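The values are calculated or read from the model by the stated rules, or taken from the named source; none is laboratory data. Only a predicted model underlies this, so the values are computations on that prediction, with no experimental measurement involved. Backbone-built Cβ (ideal geometry, glycine too); neighbour counts: all protein chains shown.
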């Protein structure tokens, strides 16, 4: 954990060439790991996976009502990257709602393995 109780999250590159993405500062880790549709769909569907950086961007923009520039400063990334993360998260959430798909939230850091 870094100072002020914030965590760093490394975004995934999705097979693209170029420089590695900067780590994103995550202020709050959600206490849950996902949502399931109710009633469950008759046939199981592929879940939608939200990255921790996407959840953080939504939290800062939609919940705390920060501007994209202010959110970018808090997350240590550009305002355009914050915009892309928020748009991606919104699209994934709407898709999950309309198609009745489960939502999984990928944590910023994988949990430590259990102790024997």
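Whether a residue is surrounded by 18 or more Cβ atoms within 10 Å (Cβ to Cβ) and modelled with pLDDT under 95 was assessed, and residue 77 passes this test.
Yes/no matrix, rows are residues, columns are (1) surrounded by 15 or more Cβ atoms within 10 Å (Cβ to Cβ); (2) in contact with a helix residue (DSSP H, G or I) (Cβ under 9 Å, 6 or more places away or on another chain); (3) at pLDDT 95 or above; (4) not in a helix (DSSP H, G or I):
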position	(1), (2), (3), (4)
19	no, no, no, yes
81	yes, yes, no, no
92	yes, yes, yes, no
105	yes, yes, no, yes
115	no, no, no, yes
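Out of all the residues in the range 39-74, which are under 13 Å from residue 103 (Cβ atoms), at pLDDT below 90 and exposed (fewer than 13 other Cβ atoms within 10 Å of the Cβ)? Scanning the range 39-74 gives no hits. The selection criterion, being more than 12 Å from the chain's Cα centre (by Cα) and at pLDDT 95 or above, does not hold for residue 97.
Please determine whether any residue of the range 2-10 is surrounded by 17 or more Cβ atoms within 10 Å (Cβ to Cβ), modelled with pLDDT of 75 or more and either touching a strand residue (DSSP E or B) at 6+ places or on another chain (Cβ under 9 Å) or assigned to a loop (DSSP other than H, G, I, E, B) (or both). Can you show your working first?
Taking the range 2-10 and keeping what is surrounded by 17 or more Cβ atoms within 10 Å (Cβ to Cβ), we get 6-7, 9.
Still in the list and also modelled with pLDDT of 75 or more: none.
For the range 2-10, residues surrounded by 17 or more Cβ atoms within 10 Å (Cβ to Cβ), modelled with pLDDT of 75 or more and either touching a strand residue (DSSP E or B) at 6+ places or on another chain (Cβ under 9 Å) or assigned to a loop (DSSP other than H, G, I, E, B) (or both): absent.
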